[in-house]
Amino acid sequence: MLRAVSGVRLIAAPHMTGLKMAGQPPGAPAVWSRRRTAVTIIAVAAFVAAFWLADHVLGQYRWADVVAQLGGIPRHALLAALLLTIGSYLTLTFYDGLALRYAGARLGWPKTAIASFCAFAVGHSIGFVALSGGSIRYRVYSSAGLSAGQIAQVVVFSTLTFFLGGTLLLDV
């Protein structure tokens, strides 16, 4: 709702006009629901708890000691580790590339690489690879126009091929 007051146009807040905010499903209230507020509070509390835990666990180490230990590692070994890490994540992008081809989706390599890198990095850091990495893939690939079914195929394909590759390499 717009009103002109002394030649200035005023815009009322969405909850005052009944307008819906972007991204809300039909029938949803224009203001934050209690559920969304609770989820936000829980997420912030989890972040604060994780930060406190990391500080508590790592508090016994001094930054100067860590830097001194890193300084004791030969530069060529650090460079080799960095290059191998980059190569590893680059290789992991091909899992998503193959999975996208299997799902019948066409997507450029930059978007695929971002989704793959983020999904594998977060998934292997916090665990629950299919769930955590899958949610990241869903976020990236749904914004690129893939259907939920195609994204599910990508998640399952990437997870299974990584698991099978690791099993073969570890000879389990």
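The values are calculated or read from the model by the stated rules, or taken from the named source; none is laboratory data. No experiment lies behind these values; they were computed from the predicted model shown. Neighbour counts are summed over all protein chains in view; Cβ atoms, including those assigned to glycine, are modelled from backbone coordinates with ideal geometry.
Only residues that are over 20 Å from ARG106 (Cβ atoms), under 18 Å from the mean Cα position of the chain (by Cα) and surrounded by fewer than 19 Cβ atoms within 10 Å (Cβ to Cβ) were counted in the stretch 133-161, giving 1. Just the residues that are surrounded by 10 or more Cβ atoms within 10 Å (Cβ to Cβ) and of a type in the set (Gly, Ala, Ser), please, taken from the stretch 52-109. Hits for the stretch 52-109 are ALA54, ALA68, ALA80, ALA81, GLY87, SER88, GLY97, ALA99, ALA103, GLY104, ALA105. Candidates are the residues of the stretch 110-132 that are more than 17 Å from PHE157 (Cα to Cα) and surrounded by fewer than 13 Cβ atoms within 10 Å (Cβ to Cβ); the one that is modelled with the lowest pLDDT is GLY127.
ASP65 satisfies every condition listed in (1) on the phi > 0 side of the Ramachandran plot; (2) not assigned by TED's automatic domain parsing to the domain that holds PHE157 except (1).
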